[in-house]
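Novice: Dumping the structure here so I can ask a few things about it.
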Amino acid sequence: MRNSLPPVPTKLPEIEVVAATRRGIPLVVLAAAGDEDAYGSSGRTGEIRELTEDVPRWVAGIGDAAPKDFRQTGAALARTLRDAAEHRPIRTVQVALPPDVTAEHVGELATGLFLGGYRFVVTTSEPKPSMPAVRLAAGDDRAVPEYAEAASRVRILAAAAAFTRDLANTPSNVKNPAWLANTAAKVVGGPVEVTVRDEKWLADKGFGGVLAVGGGSASPPRLIEMTYRPRGAAKHLLFVGKGITFDTGGLSVKPADGMHLMRTDMAGGAAVIAAVRAIAELKLPVRVTALVPAAENHVSGSSYRPGDIVRHYGGRTTEVGNTDAEGRMVMADALAYGIDRFRPDLVVDAATLTGAMKVSLGLRVGGVFATDDDLAARVVAAGARAGEAWWRMPLVEDYARGIEGELGDVRQAPGGPGGIMAALFLREFTAGLPWAHLDIAGPARADKTYADIVPGASGFAARTLVELAASYG
Ligand code: BES
Ligand code: ZN
Ligand code: ZN
């Protein structure tokens, strides 16, 4: 069908591990910096050179041959192969793996190949041919099972990142709270139970924050509830993700410049949805409950106002200072409900919460606030395994007075350091449990191509959440 949206989830390329290269199939060789037989390549990471022969061949630089070079090279290769397939009928390509690579290297190369050619476009032209299938040739049949295992694990992780990108890139004229909830329910299945709560249920249970924020929109809010409960699980994790399907700022309306980017303001929710799907596919022995409060923050006659006092799930009240601080309003309800209803061992939330975090850490590093040192360290370590960088931020006790309310229990937008004040606000709803708050306002979107990321929604945090869950298994 023409001019329709890409299917969600989009398809990942086919990658297979085989023992040896074959004649007649276009071949890619990898060259490290300083390799003697590098076919004239500098070996620079991600530099792809095409050699002119009947069967196309490429030399791809892998620099120092560190795992991260393999990811970057895989991603550059994905784009080269995708573009080559537009001009010539190339169905399959093989990559000769150097003899000394580890399974980690193969996993990183595959990650780059899975994600580097990602795109999400909605145009009237015919869909472009997808990237050729890739055979990774081990060169030794004894290495095949180990490499294949690495490739299939990273496939699930890459699928989580790609699914997060798909959800976040989907434009908000399609993606309202009901669409997000229904898409989650449709795509995530198997052992994960997905329940969608509507605005009547939310009103009945007292989700005042979600209803206040969602009340300005013609598309009513939803709460997406997901449960993965394997037998013999050691720990019970609660994930909560911000699901603002569009953030105009509400009556405290945002400036026009950049407002369109707020279609990815549900990237934390998307990461949570995709992570639970991946955790179940990996059959990790941890129990995970995930909540995504989904609402559209709009301007209308029924918008909530600065000065309103809103009662959250559980009864605490918030004095609204700025309707653009809507993320914490919906997250407060979901955190309070999740802890009260599911009694988890620990809580992790992900949210594109504050512009201030984007200023602090830029677009490639996520901020992690935590009430527990072990949990903070696990998030950072999980990120390192996933290829996502996190930096711990402080919950400055001396600033906590700022969120004490005058008319209500807590003040929503007290001024001061934005990322920290938002985190201190959320902490009020975490009942003293070990809790980590991931503010991904910066890295949820990319404006440049780097590593396995392309401009647009990055999928950031989904893989960290999966690796974090794996650390408890
Ligand atoms: N969704 C925004 C935060 C954001 C900004 C994400 C830029 C990604 C890029 C959030 O809802 C917001 O507007 N926060 C306000 C809070 C303020 C009014 C207290 C902010 O950060 O300015
Ligand atoms: Zn906002
Ligand atoms: Zn927002």
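The values are calculated or read from the model by the stated rules, or taken from the named source; none is laboratory data. Remember, it's a predicted structure, so these values are computed and weren't measured experimentally. Don't worry about glycine lacking a Cβ; one is built from the backbone with ideal geometry, like all the others, and counts go over all protein chains shown. Surface accessibility is based on the protein's heavy atoms, side chains included, excluding ligands, DNA and RNA. Shrake-Rupley method; radii C 1.70, N 1.55, O 1.52, S 1.80 Å.
Novice: How much of the DSSP bridge set in segment 347-473 is antiparallel, in percent, rounded to the nearest 5?
Specialist: 45
Novice: Next question, about the same structure. Grab the DSSP H runs of the chain that are 4 residues or longer, score each as -39,500 (n - 2.57), total them, divide by all residues and round the 222 nm result to the nearest 500 deg cm²/dmol.
Specialist: Only helices count here, giving -10500 deg cm²/dmol.
Novice: Now for a different question. Remind me, relative contact order of segment 33-108 in percent, using alpha carbon pairs under 8 angstrom and six or more residues apart? Before the final figure, lay out the partial values.
Specialist: Working: 86 pairs, mean separation 19.5, N = 76.
Contact order relative to length: 26 percent.
Novice: Give the relative contact order (percent, whole number) for the chain; include only Cα pairs under 8 Å separated by 6+ residues.
Specialist: Once normalised by length, the contact order is 16 percent.
Novice: Applying the Karplus parametrisation 6.51 cos²θ - 1.76 cosθ + 1.60 with θ = phi - 60° to the phi angles of segment 300-305, what ³J(HN,Hα) value in whole Hz is obtained for each residue in order, glycine and proline being reported as x?
Specialist: Coupling constants for segment 300-305: 6, x, 10, 5, 6, 10 Hz.
Novice: Something else now. Which whole-number value in Å² is the accessible area per residue of the chain, probe 1.4 Å? Spell out each step's value before the answer.
Specialist: On the way: 19290 Å² over 473 residues.
Counting only protein heavy atoms, the per-residue value for the chain is 41 Å².
Novice: Once amide H atoms are placed 1.01 Å from N in the peptide plane, what residues at a sequence separation of 5 or more from residue 296, or on another chain, have their amide H within under 5 Å of its amide H?
Specialist: Those qualifying (amide H under 5 Å, at least 5 residues apart or on another chain) are 245.
Novice: Mind listing the long-range amide H neighbours of residue 95? Cut-off is under 5 Å, sequence gap 5 or more, other chains count too, H placed in the peptide plane at 1.01 Å from N.
Specialist: The answer is 28, 135, 136, 137.
Novice: Size of the dipole of the chain about the Cα centre, Lys and Arg at +1 and Asp and Glu at -1 on the beta carbon, nothing else charged, in debye to 20?
Specialist: Working: 52 positive and 54 negative charges, 217 e Å.
With only Lys, Arg, Asp and Glu charged at Cβ, the dipole is about 1040 debye.
Novice: Give me the compactness ratio for segment 1-142, meaning the Cα radius of gyration over 2.2 N^0.38 Å.
Specialist: Relative to the rule-of-thumb radius for its length, segment 1-142 sits at 1.06.
Novice: Here's another thing I want to ask about it. Could you state the angle between the C-alpha long axis of helix 177-187 and the longest principal axis of the C-alpha atoms of the chain, as a value from 0 to 90 degrees rounded to the nearest 10?
Specialist: So the helix axis and the longest Cα principal axis differ by about 40 degrees.
Novice: Now for a different question. Can you list the residues, at least 5 places off or on another chain, whose amide H is less than 5 Å from the amide H of residue 354, using H built in the peptide plane?
Specialist: For residue 354, the qualifying residues are 441.
Novice: What share of the DSSP beta bridges in segment 2-151 is antiparallel, in percent to the nearest 5?
Specialist: 20
Novice: To the nearest 10 degrees, how steep is helix 144-169 against the longest Cα principal axis of the chain, on a 0 to 90 scale?
Specialist: The helix 144-169 is inclined about 40 degrees to the chain.
Novice: In segment 42-74, which GluC sites (Glu not before Pro) fall in coil by DSSP and have 15 or fewer other Cβ atoms within 10 Å?
Specialist: Counting only loop positions with at most 15 other Cβ atoms within 10 Å, the GluC sites (Glu not before Pro) in segment 42-74 are 53.
Novice: Here's another thing I want to ask about it. Taking Cα centroids, how far is segment 447-463 from segment 100-117 in Å?
Specialist: 16
Novice: Can you tell me the dipole magnitude for segment 120-180 around its Cα centre, using point charges on the Cβ only (Lys, Arg +1; Asp, Glu -1), in Debye to the nearest 20?
Specialist: 220
Novice: With both partners inside the chain, how many of the DSSP beta bridges are antiparallel, as a percent to the nearest 5?
Specialist: Values: 28 of 70 bridges.
In the chain, DSSP labels about 40 percent of beta bridges as antiparallel.
Novice: Using alpha-carbon positions, what is the distance between the centroids of segment 134-151 and segment 329-392, in Å?
Specialist: Answer, in whole Å: 35.
Novice: Okay, next question. Could you run the Karplus curve 6.51 cos²θ - 1.76 cosθ + 1.60 with θ = phi - 60° over segment 412-417 and give me ³J(HN,Hα) per residue in whole Hz, x for Gly and Pro?
Specialist: Using θ = phi - 60°, the values come out as 7, 9, x, x, x, x Hz.
Novice: Compute the angle between helix 326-342 and the longest alpha-carbon principal axis of the chain, please, reported from 0 to 90 degrees and rounded to the nearest 10.
Specialist: 90
Novice: Turning to a different aspect of this structure: Restrict the search to segment 356-417; then list the GluC sites (Glu not before Pro) that DSSP places in a loop and that have at most 13 other Cβ atoms within 10 Å of their Cβ.
Specialist: 406
Novice: Same structure again: For segment 2-151, which whole percent of the accessible surface, found with a 1.4 angstrom probe, sits on carbon and sulfur atoms?
Specialist: 48
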